[in-house]
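To start, the structure itself, in structure tokens.
The values are calculated or read from the model by the stated rules, or taken from the named source; none is laboratory data. Predicted model, so just to flag it, every value in this text is computed and none were measured. No Cβ is skipped: glycine too gets one built from the backbone with ideal geometry, and neighbour counts run over all protein chains shown. Heavy atoms of the whole protein, side chains included, go into the accessibility calculation; ligands, DNA and RNA do not. Shrake-Rupley method; radii C 1.70, N 1.55, O 1.52, S 1.80 Å.
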Amino acid sequence: MNILIIDDEPYLLEKLGSVLTGEFYSVATAGDGREGLDKIWNDTYDLILLDIMLPGMSGFEILAEIRAAGIQTPVLMLTAKGDIDDKVKGLNLGADDYLAKPFSLAELLARVRALIRRGKTGSPMIEIGTLRLNTISREVTRNGAPLILTAKEFAILEFLMHNRGRAVSRFTLAEHVWGDNFDPFSMSNFIDVHMSKLRKKLNIPEDEPLIRTVRGVGYLIDKEGT
């Protein structure tokens, strides 16, 4: 999988390149808008990580140009934290997802994997057995029956499904769902409470394998329980 990162922060560019290369992606980078657009014209990518504020030309301008040219490569926009206007503008121009800075590397990797899968299938649906989650409509069903989840329960389930087959620590889960607004000393029990409620809504006892507790680590979602 080929990923292009366009960002003018040298440290972030190097860090993201290193992390993604460590996940066995092929990574190209560009430090300004013009260079990034040239690379898009001259090569094919499975995903583009695109900062908004860039020298040369903005991320919005790049996105508008490539969509006008018919390039449908998934684009993950990197925005300033809490800037809703940037998010809305990016999505209207054809961005597939956005991530506000600063972000956790665990969340970045989960979104990268999800967007690459979506690019292959053309679908926002994540499925594990009879459990289906739509990342756009935010609907969840199991055995065809709709499940009513809170925003936090949805975020937990989506993150686990994005990381299917990987053990996710309670700290990483809390960082993804609550951002900076959590107390690491009390969050472990808080996560366990939310997980218990989620399991009940999914009608999955703890001894079934869909959501497993990994002792000393956190949680792992793997396959459909029986």
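Determine, from the Cβ-Cβ distance of ASN203 and SER169 and an R0 of 45 Å, the FRET efficiency 1/(1 + (r/R0)^6), rounded to the nearest 0.05.
0.95
Write down Rg/Rh for the chain, rounded to two decimals, with Rg from the C-alpha atoms and Rh from the Kirkwood relation over Cα pairs.
Reported Rg/Rh, Kirkwood definition of Rh: 0.99.
Taking 0.36 nm per residue of sequence separation and subtracting the Cα-Cα distance, how much length would be gained by fully extending the chain between LYS101 and SER196, in nm to one decimal?
Using 0.36 nm per residue and subtracting the Cα-Cα distance, I get 31.1 nm.
Counting DSSP beta bridges in the chain, what percent are antiparallel, to the nearest 5?
45
Can you give the charge dipole size of the stretch 1-59 about its Cα centre, rounded to the nearest 20 debye, using +1 on the beta carbon of Lys and Arg and -1 on the beta carbon of Asp and Glu?
Result for the stretch 1-59 is approximately 60 debye, rounded to the nearest 20.
Accessible area per residue of the chain at 1.4 Å probe, in Å²?
50
Translational diffusion coefficient of the stretch 1-113 at 10 °C, 1.306 mPa s, Stokes-Einstein with Kirkwood Rh over Cα pairs, in µm²/s as a whole number.
Estimated via Stokes-Einstein, D reaches 115 µm²/s.
With a cut-off of 8 Å between alpha carbons and a minimum separation of six or more residues, what is the relative contact order of the chain in percent?
Relative CO of the chain lands at 13 percent.
Cβ neighbours within 10 Å, averaged per peptide: list 19-30, 138-149 in order, most packed at the top.
The most tightly packed comes first, giving 19-30, 138-149.
With a 1.4 Å probe and all protein chains left in place, how much of the accessible area of the chain comes from carbon and sulfur atoms, in whole percent?
Reported share for carbon and sulfur atoms: 51 percent.
Work through the residues other than SER26 whose Cβ is under 11 Å from its Cβ and net out their charges, Lys, Arg +1 and Asp, Glu -1.
-3
Tell me, what is a quarter of the convex hull surface for the C-alpha atoms of the stretch 10-56, in nm² with one decimal?
Convex hull of Cα atoms, orientation-averaged projection: 3.3 nm².
Report the gain in length on full extension from MET57 to LEU12: 0.36 nm times residue separation, minus Cα-Cα distance, nm rounded to one decimal.
Once the chain is fully extended between MET57 and LEU12, it gains 14.3 nm.
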